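As structure tokens, the structure follows; a few thoughts come after it.
The values are calculated or read from the model by the stated rules, or taken from the named source; none is laboratory data. From a predicted model like this one, the values you see are computed outputs, not experimental measurements. Here Cβ is always computed from backbone atoms with ideal geometry, including for glycine, and neighbour counts include all displayed protein chains. Keep in mind that these areas ignore ligands, DNA and RNA; they rest on the heavy atoms of the full protein, side chains included. Shrake-Rupley method; radii C 1.70, N 1.55, O 1.52, S 1.80 Å.
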Amino acid sequence: MSECLFCQIIGKKLPAEIIQEDNKIIVFKDIHPKASVHLLIVPKIHIISLNELEPSNQNIVFYALSALPKLAKAQGLTGYRTIINTGRTGGQEVDHLHLHLLAGDDLPGF
Ligand code: AMP
Ligand code: ZN
């Protein structure tokens, strides 16, 4: 079994509060939310980080980004912040590429 935390969530070996899912991405609530809305948009393919992106990944990256408008609308959001942390020095804790979606009155500063 993969040791990757997010691969384990994708494979339903670990629980998560899943908001939506299809065959390419899964969206679930961050376990330690930094704002009242804090979702993680996670491609199901295991890409470690932006540093490991290859041209063949362009479809999945665009797919994950293009999920945002519908997701935001479903959450009743008109605005939100998206963050991708890369590498330990960039604040990345989980080595599986993911996009943070943060929103709410308590949105942390940049
Ligand atoms: P990053 O620091 O960009 O790698 O983000 C990883 C995020 O995953 C952090 O915001 C964590 O709070 C979140 N996280 C860690 N474990 C879990 C989990 N089991 N379920 C949901 N979110 C998690
Ligand atoms: Zn993974």
Selected residue (criterion: most open to solvent (accessible area, probe 1.4 Å)) from residues of region 80-95 that are near ligand 1 (Cβ under 8 Å from one of its atoms) and part of a loop (DSSP other than H, G, I, E, B): 93
Cβ pairs under 7 Å, 6+ apart, first in region 10-29 and modelled with pLDDT of 95 or more, second assigned to a loop (DSSP other than H, G, I, E, B) and surrounded by 11 or more Cβ atoms within 10 Å (Cβ to Cβ): 10/44; 24/44; 25/44; 25/67; 26/44; 28/16
Test: residue in region 10-24 that is closer than 15 Å to residue 93 by Cβ, of a type outside the set (A, V, I, L, M, F, W, C) and within 11 Å of ligand 1 (Cβ to nearest atom): no
Residue that is nearest to residue 22 (Cα to Cα), among those in region 39-50 that are open to solvent by 20 Å² or more (accessible area, probe 1.4 Å) and out of contact with any strand residue (DSSP E or B) (no Cβ under 7 Å at 6 or more places or on another chain): 45
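On the basis of being under 15 Å from the mean Cα position of the chain (by Cα), open to solvent by 70 Å² or more (accessible area, probe 1.4 Å) and more than 20 Å from residue 86 (Cβ to Cβ), does residue 15 make the cut? Please lay out each step first, then the result.
Details: under 15 Å from the mean Cα position of the chain (by Cα): no; open to solvent by 70 Å² or more (accessible area, probe 1.4 Å): yes; more than 20 Å from residue 86 (Cβ to Cβ): yes.
No; evaluated as a whole, the condition is false for this residue.
For region 51-66, check the following and say yes or no: at least one residue is of a type in the set (Phe, Trp, Tyr), within 16 Å of ligand 1 (Cβ to nearest atom) and either surrounded by 17 or more Cβ atoms within 10 Å (Cβ to Cβ) or within 13 Å of the chain's Cα centre (by Cα) (or both). Steps first, please.
Filtering region 51-66 for residues of a type in the set (Phe, Trp, Tyr) gives 62-63.
Then keep just the ones that are within 16 Å of ligand 1 (Cβ to nearest atom); that gives none.
The answer is no, given that none of the residues of region 51-66 is of a type in the set (Phe, Trp, Tyr), within 16 Å of ligand 1 (Cβ to nearest atom) and either surrounded by 17 or more Cβ atoms within 10 Å (Cβ to Cβ) or within 13 Å of the chain's Cα centre (by Cα) (or both).
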Contacts under 6 angstrom Cβ, first residue in region 63-83 being closer than 16 Å to residue 21 by Cα, partner open to solvent by 60 Å² or more (accessible area, probe 1.4 Å) and not acidic (Asp, Glu), 6 or more apart: 63/24; 72/80
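Of 75, 92, which residue is within 16 Å of ligand 2 (Cβ to nearest atom) and out of contact with any Leu (no Cβ under 6 Å at 6 or more places or on another chain)? Spell out the reasoning first.
Values: 75 fails: within 16 Å of ligand 2 (Cβ to nearest atom).
Being within 16 Å of ligand 2 (Cβ to nearest atom) and out of contact with any Leu (no Cβ under 6 Å at 6 or more places or on another chain) holds for just one of 75, 92, which is 92.
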